[in-house]
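S.K.: Have a look at this one before I ask anything.
The values are calculated or read from the model by the stated rules, or taken from the named source; none is laboratory data. This structure is a prediction, so every number in the text was calculated from the model and none was measured. So basically every Cβ, Gly included, is an ideal-geometry build from the backbone, and we count neighbours across all protein chains shown. Protein only, heavy atoms only, side chains kept; ligands, DNA and RNA dropped before computing areas. Shrake-Rupley method; radii C 1.70, N 1.55, O 1.52, S 1.80 Å.
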Amino acid sequence: MFWNEEIETMPRQDLEELQLKKLQKTVKRAFDKIPYYNKKYSEAEVFPEDIETLKDIEKLPFITKDDLRESYPFGLFAVDIDEIKELHSSSGTTGKPVVSGYTKKDIDTWAECIARGLKMMGLDETDIIQNTHGYGMFTGGFGVHYGSHKIGATIIPISTGQTRRQIEIMSDFGATCVIFTPSYGIHLGEVALEDGIDPKEFGIKAIGFGAEGWTEEIRRRVEEIFGTKAYNIYGLTELMGPGVGIECSAQKGLHIAEDIFYPEIIDPNTERVLGENTPGELVLTNLEREGMPVIRFRTKDLTKLTYEKCECGRTHARMSRITGRSDDMIKVKGVAIFPSQIEKALLRIGDVEPHYMIIVTRPGTLDEIEVKVEASQDIFFDGIKEMMAIQNKIEKSIENETGIRVKVTLVEPKTLPRFEGKAKRVIDERDLH
Ligand code: DLL
């Protein structure tokens, strides 16, 4: 099933011509309207007229999360704020978030991406979609919502949490599709099973899941619990939100909406562009965006691309499942966290040393974070009560900074590893590769 068959099955040569036209227009708009790009490109001595072929994109400098943070909040908008109709920001964090702005047309483009994906998953206007993604600054909730309206399906905007109510509604309202993060999906299924309810009996036709890393074992578990196929949904706030890439019924990679995003794969160390089927870091460029065109964004997500025509008939490139990150960002319960935020939160407290380790585990189906922090000599010898009070204070400070509850353990001074060069502060024991 297609939403936009002409575009989705376009011969690659025509698609590339279309991409080039859109790229030229985007670069020119960014250069003319956004001082940030104007300065960056002028310094690199590259100008809009230098983009004569698609490969010429490689002449343009990359843009990173730090660049976006520096332009906080509206420095990368190409239109006046009154043309921006919606604002989102990267999930959960209260530090300096990345802001994403959308014009009316951008919201429609977003809906288009999700609509294509919902059709890939075999859904149409007769379906009832239960959307467990949070509605708020996180892009998961609204993105799926707009796409669902576009194909004319019925949406249940239930958002995250209240697991038993989710199960009741799924059953009573007859949901035929459910959208979740893989870890929440497994949790949802297992709570139902614990209560003696078999999720297979809900009659779910398709599951859409994403927003965090997962393995094929996790997919198998989700599919087994709900008795249906689970489709990968990829996206990120900076470029739009969910819907940059979505899997079709073949489940052999996610189709990137290539008339809307231009994908490249680079070696994260040398920044050299790599060829098809070679793993590396995904770099994305908005080709359609009015409000905030992002050009050559280093996603830090590791994947590879294939341009081979898919058995579903679509010609758009496919990216494989994300296998990791080239930086130290961790996604826990769908929220993106950087070790620097944890560091900031604990240094605010005092009485602790700036030595810490972050340990991420998934004991059951949900993620847990433990932060081990070295106590100062004085505190360590002050006794258990004082230590507990400080642990508590740090836990609150980290929750304030990241929006996530963690367990803090104070350890003896000088017992955590010291690093030469780049510190490795995160131990991820979830085995998501
Ligand atoms: O997570 C957008 C989204 C919402 C995608 C709902 C899918 C479903 P951010 O919070 O900005 O946006 O986080 C983006 O999450 O760079 C990846 O590291 C990770 N990520 C997103 N989707 C997947 C996925 C949303 N399918 C960051 N597989 C990205 C693995 C994913 N990682």
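S.K.: Test each condition in (1) in contact with a Ser or Thr (Cβ under 9 Å, 6 or more places away or on another chain); (2) within 23 Å of Cys113 (Cα to Cα); (3) open to solvent by less than 50 Å² (accessible area, probe 1.4 Å) for Phe2 and report the one that comes out false.
M.R.: Only one criterion in (1) in contact with a Ser or Thr (Cβ under 9 Å, 6 or more places away or on another chain); (2) within 23 Å of Cys113 (Cα to Cα); (3) open to solvent by less than 50 Å² (accessible area, probe 1.4 Å) is unmet by Phe2, namely (3).
S.K.: Checking Thr270 against (1) β-branched (Val, Ile, Thr); (2) more than 16 Å from the ligand (Cβ to nearest atom); (3) closer than 21 Å to Leu23 by Cβ; (4) without any contact (Cβ under 8 Å) to a residue 60 or more places away in the chain: exactly one of these is not met. Which one?
M.R.: (3)
S.K.: Does Leu366 satisfy the criteria of being assigned by TED's automatic domain parsing to the domain that holds Leu416, closer than 30 Å to Gly136 by Cα and not hydroxyl-bearing (Ser, Thr, Tyr)? Full working, then the answer.
M.R.: Values: assigned by TED's automatic domain parsing to the domain that holds Leu416: yes; closer than 30 Å to Gly136 by Cα: yes; not hydroxyl-bearing (Ser, Thr, Tyr): yes.
Here the answer is yes, as Leu366 does meet what is asked.
S.K.: Residues that are modelled with pLDDT under 95: list the strands (runs of 3 or more DSSP E) wholly contained in the range 275-362 that include at least 3 such residues.
M.R.: Working: elements: 280-286, 297-303, 330-332, 335-337, 352-361.
Answer list for the range 275-362: 330-332, 335-337, 352-361.
S.K.: Scan the range 5-42 residue by residue and report those that are acidic (Asp, Glu) and open to solvent by 40 Å² or more (accessible area, probe 1.4 Å). So that I can check it myself, show each step before the final result.
M.R.: Initial filter on the range 5-42 (acidic (Asp, Glu)): 5-6, 8, 14, 16-17, 32.
Across the range 5-42, the qualifying residues are Glu5, Glu6, Asp14, Glu16, Glu17, Asp32.
S.K.: Would you tally the residues in the range 209-223 being part of a helix (DSSP H, G or I) and either within 13 Å of the ligand (Cβ to nearest atom) or not charged (D, E, K, R) (or both)?
M.R.: Here is the first cut: in the range 209-223, the residues part of a helix (DSSP H, G or I) are 216-223.
Then drop every residue that is not either within 13 Å of the ligand (Cβ to nearest atom) or not charged (D, E, K, R) (or both), which leaves 216, 218-219, 222.
The number of residues fulfilling the criteria is 4.
S.K.: Then there is this: Taking the residues in the range 202-212 that are touching a helix residue (DSSP H, G or I) at 6+ places or on another chain (Cβ under 8 Å) and not small (Gly, Ala, Ser) as candidates, determine which candidate is modelled with the lowest pLDDT.
M.R.: Only one residue tops the list, namely Glu212.
S.K.: Another question, then. Output yes when any residue across the range 259-266 is modelled with pLDDT of 95 or more, closer than 25 Å to His187 by Cα and either away from the ligand (no atom under 14 Å from the Cβ) or part of a helix (DSSP H, G or I) (or both), and no when none is. Steps first, please.
M.R.: Going through the range 259-266, the residues modelled with pLDDT of 95 or more turn out to be 259-266.
If we keep only those that are closer than 25 Å to His187 by Cα too, we end up with none.
Within the range 259-266, none of the residues are modelled with pLDDT of 95 or more, closer than 25 Å to His187 by Cα and either away from the ligand (no atom under 14 Å from the Cβ) or part of a helix (DSSP H, G or I) (or both).
S.K.: Now, a different point. Kindly provide the set of residues from the range 289-342 that are among the acidic types (Asp, Glu) and crowded, with 19+ Cβ neighbours inside 10 Å, ordered by number.
M.R.: Taking the range 289-342 as the starting set, the residues that turn out to be among the acidic types (Asp, Glu) are 290, 301, 308, 311, 327-328.
Result: Glu290, Asp301.
S.K.: Are any residues in the range 55-77 among the aliphatic types (A, V, I, L, M) and either in a helix (DSSP H, G or I) or assigned by TED's automatic domain parsing to the domain that holds Ile266 (or both), and if so, which ones?
M.R.: Looking only at the range 55-77, we keep the residues that are among the aliphatic types (A, V, I, L, M), and these are 57, 60, 63, 68, 76.
Within the range 55-77, Ile57, Leu68, Leu76 qualify.
S.K.: Quick one: count up the residues across the range 351-399 that are in contact (Cβ under 8 Å) with a residue 60 or more places away in the chain and aliphatic (A, V, I, L, M).
M.R.: The total comes to 5.
S.K.: Here are the criteria: (1) among the small types (Gly, Ala, Ser); (2) within 15 Å of the ligand (Cβ to nearest atom); (3) assigned to a loop (DSSP other than H, G, I, E, B). Tell me which single one Ala230 does not satisfy.
M.R.: (3)
S.K.: On to the next question. Consider the range 184-195. How many of its residues are open to solvent by 10 Å² or more (accessible area, probe 1.4 Å), touching a helix residue (DSSP H, G or I) at 6+ places or on another chain (Cβ under 8 Å) and not aliphatic (A, V, I, L, M)?
M.R.: Looking only at that region, the number is 3.
S.K.: Hey, among Thr132, Thr103, Thr181, which residue is open to solvent by 10 Å² or more (accessible area, probe 1.4 Å) and either assigned by TED's automatic domain parsing to the domain that holds Glu224 or in contact (Cβ under 8 Å) with a residue 12 or more places away in the chain (or both)?
M.R.: Numbers: Thr132 fails: open to solvent by 10 Å² or more (accessible area, probe 1.4 Å); Thr103 fails: open to solvent by 10 Å² or more (accessible area, probe 1.4 Å).
Selected residue: Thr181, the only one of Thr132, Thr103, Thr181 that is open to solvent by 10 Å² or more (accessible area, probe 1.4 Å) and either assigned by TED's automatic domain parsing to the domain that holds Glu224 or in contact (Cβ under 8 Å) with a residue 12 or more places away in the chain (or both).
S.K.: Ok, one more. Given the criteria buried (at least 17 other Cβ atoms within 10 Å of the Cβ) and over 30 Å from Gly75 (Cβ atoms), does Met357 qualify?
M.R.: yes
S.K.: Mind checking which residues of the range 118-146 are of a type in the set (Ser, Thr, Tyr), out of contact with any Phe, Trp or Tyr (no Cβ under 9 Å at 6 or more places or on another chain) and either within 20 Å of Leu188 (Cα to Cα) or not in a loop (DSSP other than H, G, I, E, B) (or both)? Steps first, answer last, please.
M.R.: Step one: filter the range 118-146 for residues of a type in the set (Ser, Thr, Tyr), giving 126, 132, 135, 139, 146.
Within this subset, residues satisfying the condition of being out of contact with any Phe, Trp or Tyr (no Cβ under 9 Å at 6 or more places or on another chain) are 126.
If the condition is that a residue be of a type in the set (Ser, Thr, Tyr), out of contact with any Phe, Trp or Tyr (no Cβ under 9 Å at 6 or more places or on another chain) and either within 20 Å of Leu188 (Cα to Cα) or not in a loop (DSSP other than H, G, I, E, B) (or both), then no residue fits.
S.K.: Let me ask something additional. Any residue at all in the range 106-119 that is of a type outside the set (A, V, I, L, M, F, W, C) and at pLDDT below 95?
M.R.: Taking the range 106-119 first, the residues of a type outside the set (A, V, I, L, M, F, W, C) are 106, 108-109, 112, 116-117, 119.
Add one more test, that the residue is at pLDDT below 95, and what stays is none.
No, that holds for no residue.
S.K.: Here is a further query. Restricting to the range 35-91, what's the tally of residues that are at pLDDT 95 or above and away from the ligand (no atom under 16 Å from the Cβ)?
M.R.: Summing the residues that are at pLDDT 95 or above and away from the ligand (no atom under 16 Å from the Cβ) in the range 35-91 gives 38.
S.K.: Could I ask something else about it? So which residues in the range 256-282 are touching a helix residue (DSSP H, G or I) at 6+ places or on another chain (Cβ under 9 Å), among the hydrophobic types (A, V, I, L, M, F, W, C) and buried (at least 21 other Cβ atoms within 10 Å of the Cβ)?
M.R.: Residues satisfying the conditions are Ala257, Ile260, Phe261.
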